[in-house]
Amino acid sequence: MKIARIVGTTISTIEDEKVRDKKLLICAETDQKGKVFGKSYVAVDLVDAGEGDLVLTCHGSAARQTHLTKDSPVDAVVMAVLDELEVDGEIVFRM
Amino acid sequence: MKIARIVGTTISTIEDEKVRDKKLLICAETDQKGKVFGKSYVAVDLVDAGEGDLVLTCHGSAARQTHLTKDSPVDAVVMAVLDELEVDGEIVFRM
Amino acid sequence: MKIARIVGTTISTIEDEKVRDKKLLICAETDQKGKVFGKSYVAVDLVDAGEGDLVLTCHGSAARQTHLTKDSPVDAVVMAVLDELEVDGEIVFRM
Amino acid sequence: MKIARIVGTTISTIEDEKVRDKKLLICAETDQKGKVFGKSYVAVDLVDAGEGDLVLTCHGSAARQTHLTKDSPVDAVVMAVLDELEVDGEIVFRM
Amino acid sequence: MKIARIVGTTISTIEDEKVRDKKLLICAETDQKGKVFGKSYVAVDLVDAGEGDLVLTCHGSAARQTHLTKDSPVDAVVMAVLDELEVDGEIVFRM
């Protein structure tokens, strides 16, 4: 899973009816302390995440192992909101 | 899903008859504001996208979760045309 | 799918009998105009491509969605020979 | 599989009940001698690994080929604790 | 498939009994002439490869399309030992 911060939302015209009513969030990958780096991607929200939240996203066929995304053309989901990150014995993020 | 801009089209000789009559578009990945960066790839069009459109592409086995691409040797599809992107509370793209 | 140029061939000793008699080609990824960049990889030929050809390769489980590669330990196939690429309204490659 | 060092732990709010009670560890990818480089990711622990351990992580659909992660939205697991790495005939890591 | 050179071996404690008795090799990715670059990874040996051998590795779900790795948490296998590489009409590697 990737650590990411929710930075935005999308509005789009989607053919596939299984995906059409889902919330698609813009995620910016972060390092292990929650600092944004690298590139952004879009994931289907499973956990009612909001802008600014630090989350975990899961990718590939794993993204379809939920009732909401089963058999859908979806390759990334937000599957957890992070409450705390501890690195090298220190709390580096707390919600 | 990746945010990408449609930059071109391809004509090709394809052995597999399930893919042969599909529209294969050249997509250039963009950042979260729709600015092109990085490398291009080719995806099967599911949403009648045209050159210049900002779209979402989905990758891997997820690309085969549609009637058009089921059981086909296809690893990327254009699954949405983006109408609007909002990042950090600002509209950064509107179609 | 990736745009790639066929740059070479391989001879190898393969345990798996489903792959043993296949042609394995060295592919160099190109940009959207057919210019080689980045790294090379090896793909099973499905379209009788030859050295110098510009092709499309497909990756991951998609590479096994053909009669030739079904149930084989294969993660990349050459699935199309490109005849023409059009980018931003200009023909940038014609075979 | 990637070679990685366990550098931290996460506490999170997870919707999916199959993943909720799993230990999710922060992994930092290392080179072949166990030196950390590149980016961090989060994986489900299968081997009771602890901070500082050098491990192997496996990714994609492979991460669901275990009793603990079957049918779960999980794309990375810690599947082995490394006891020894030998490179070019020299022991470069021993636990 | 990636072209890689076997550079080392691993000893590890593995929970999953399907993987426990397999040989896990350290592979360093090479360019199309067999020169090592980029990062190393670990793959299950299917072809009795030894240190120094130039090989092909296959990744993702393809790595489980063999009797040895079926249903195992394995995302990379060594599936061929390379005997010869020809690039641009020249033999660039011969075993």
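The values are calculated or read from the model by the stated rules, or taken from the named source; none is laboratory data. All figures in this text were calculated on a predicted structure; none of them were measured in a lab. Backbone-built Cβ (ideal geometry, glycine too); neighbour counts: all protein chains shown. We work out accessible area using only protein heavy atoms, side chains counted, and drop any ligands, DNA or RNA first. Shrake-Rupley method; radii C 1.70, N 1.55, O 1.52, S 1.80 Å.
If you check E:K70, E:K39, which single one turns out to be closer than 17 Å to D:D88 by Cβ, open to solvent by 30 Å² or more (accessible area, probe 1.4 Å) and within 13 Å of chain C (Cβ to nearest Cβ)?
Selected residue: E:K39, the only one of E:K70, E:K39 that is closer than 17 Å to D:D88 by Cβ, open to solvent by 30 Å² or more (accessible area, probe 1.4 Å) and within 13 Å of chain C (Cβ to nearest Cβ).
Please name all residue pairs, on different chains or six or more residues apart, with Cβ atoms under 6 Å, provided the first residue is in region E:1-22 and is closer than 28 Å to C:L24 by Cα and the second residue is charged (D, E, K, R) and open to solvent by 50 Å² or more (accessible area, probe 1.4 Å).
E:I6/E:E51; E:G8/D:E86; E:T9/D:E86
Against the conditions (1) within 22 Å of B:E17 (Cβ to Cβ); (2) of a type in the set (G, A, S); (3) at pLDDT below 95, where does C:G38 fall short? Just the number, please.
(1)
Tell me, which strands (runs of 3 or more DSSP E) lie completely within region B:1-62 with 1 or more residues that are within 11 Å of the chain's Cα centre (by Cα) and among the small types (G, A, S)?
Strands (runs of 3 or more DSSP E) meeting the threshold: B:2-14, B:24-30, B:36-45.
Being surrounded by 21 or more Cβ atoms within 10 Å (Cβ to Cβ) and on the phi > 0 side of the Ramachandran plot narrows it down to one residue among B:G52, B:G60; which is it?
After ruling out the rest, the residue left standing is B:G60.
Can you confirm whether region A:5-25 contains a residue that is more than 7 Å from chain B (Cβ to nearest Cβ), surrounded by fewer than 23 Cβ atoms within 10 Å (Cβ to Cβ) and on the phi > 0 side of the Ramachandran plot?
no
Against the condition over 22 Å from D:V36 (Cβ atoms), at pLDDT 95 or above and assigned to a strand (DSSP E or B), how does A:V81 come out, does it pass?
Judged against the criteria, A:V81 is a match.
With the condition kept exactly as written, say whether any residue in region D:47-63 is under 22 Å from E:L25 (Cβ atoms) and among the polar types (S, T, N, Q).
Checked against the condition, which is being under 22 Å from E:L25 (Cβ atoms) and among the polar types (S, T, N, Q), region D:47-63 yields at least one hit.
Would you call B:E86 in a strand (DSSP E or B) and not hydrophobic (A, V, I, L, M, F, W, C)?
yes
If you check every pair at least six apart or on different chains, which have Cβ atoms under 8 Å apart with a residue in region D:59-79 that is in contact (Cβ under 8 Å) with a residue 40 or more places away in the chain first and a residue that is part of a strand (DSSP E or B) and open to solvent by 10 Å² or more (accessible area, probe 1.4 Å) second?
Note: pairs meeting the criteria are D:H59/D:K2; D:A76/D:Y41; D:A76/D:H59; D:V78/D:D45; D:M79/E:I14.
All but one of (1) more than 14 Å from chain B (Cβ to nearest Cβ); (2) surrounded by 15 or more Cβ atoms within 10 Å (Cβ to Cβ) hold for A:M95, so report the exception by its number.
(2)
Return the residue satisfying two criteria in turn: it lies in region E:83-95 and is touching a residue at least 40 places away in the same chain (Cβ under 8 Å) and touching a Gly at 6+ places or on another chain (Cβ under 8 Å), and of such residues it is nearest to C:D71 (Cα to Cα).
E:L85
Does C:G34 count as open to solvent by less than 30 Å² (accessible area, probe 1.4 Å) and away from chain E (no Cβ under 13 Å)?
Judged against the criteria, C:G34 is a match.
With the requirement that a residue be within 13 Å of chain B (Cβ to nearest Cβ) and either open to solvent by 30 Å² or more (accessible area, probe 1.4 Å) or over 20 Å from D:D21 (Cα atoms) (or both), what does region A:73-85 give you?
A:P73, A:V74, A:D75, A:A76
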